Structure formats: structure tokens, C-alpha cells
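Notes to accompany the following structure.
Readers should treat all values here as calculations from the given coordinates under stated rules, not as data from a laboratory. What you see is a predicted model; the values in this text were computed from it and never measured.
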């Protein structure tokens, strides 16, 4: 029996202009799965809502080199072509085990 998708745990920039913030810059995203040439990802943001959906509040900043003390939030998951993500992964980003469990539970609501 084969898996429906491959599990991932990596950070990349979302270079889709439709997902840019106010500053017109790419958001870092947390990629959780891959199916063919598509990734399932959650945008990392400080906004409380995205497209009418309430974002999940993760109290830690995944960027290890940043001193930003604002609450980090995760958008609802979305599927997007791998061409709309940066080629390189972001090496200084990491979530704790508790945060990854919380995100996984949040993503199950949107299946």
C-alpha cells in the first residue's frame, strides 16, 4: 500500500505574488507535505486572519536568528505548485516538537 503523499518538514519562501503581504515581499512558509509536483504549506505571518479564516497562534518565532518578540501565526494549509516556492530551504528556521504537533492537528481540520 503506497502513501497518499510524502511528509515534509521544511521552510521555504512562497514566491507567488498573490500571497505577498503589505510590503510586497515573499512570506516564509512551512511545508508539511508533497504530492507529485505540489506542496502543502502554511504561511508564517503576524496577521490574525487570512481570507476570513482565523490563523493558528504559535507563540514562538521559528526564525532562530531573529529577535522579533511578536506572536507568530500560521495560515490555513494550501496546496501549490513547487515552482511557486523558492528552490533553497531556509536553514535558520525550526519549530519545536510541540509546535509541530499543534500545526499537524490544525491542518487536519482542513482536509
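Descriptive notes on the structure:
- Comparing mean-square fluctuations of 83, 54, 97 from a GNM of the chain with C-alpha springs under 10 Å, the top value falls on 97.
- Among 59, 11, 39, the largest mean-square fluctuation in a Gaussian network model of the chain, built with springs joining Cα atoms closer than 10 Å, belongs to 59.
- Here the relative contact order of the chain, from alpha carbon pairs under 8 Å that lie six or more residues apart, stands at 26 percent.
- If you run the Gaussian network model on the chain, springs between alpha carbon atoms under 10 Å, then out of 15, 44, 31 the most flexible one is 15.
- Every Cα-Cα pair of the chain was included, and the share exceeding 25 Å stands at 15 percent.
- Adding -39500 (n - 2.57) for every DSSP H run of four residues or longer, then dividing by how many residues the chain holds, sets the calculated 222 nm ellipticity at -3500 deg cm²/dmol.
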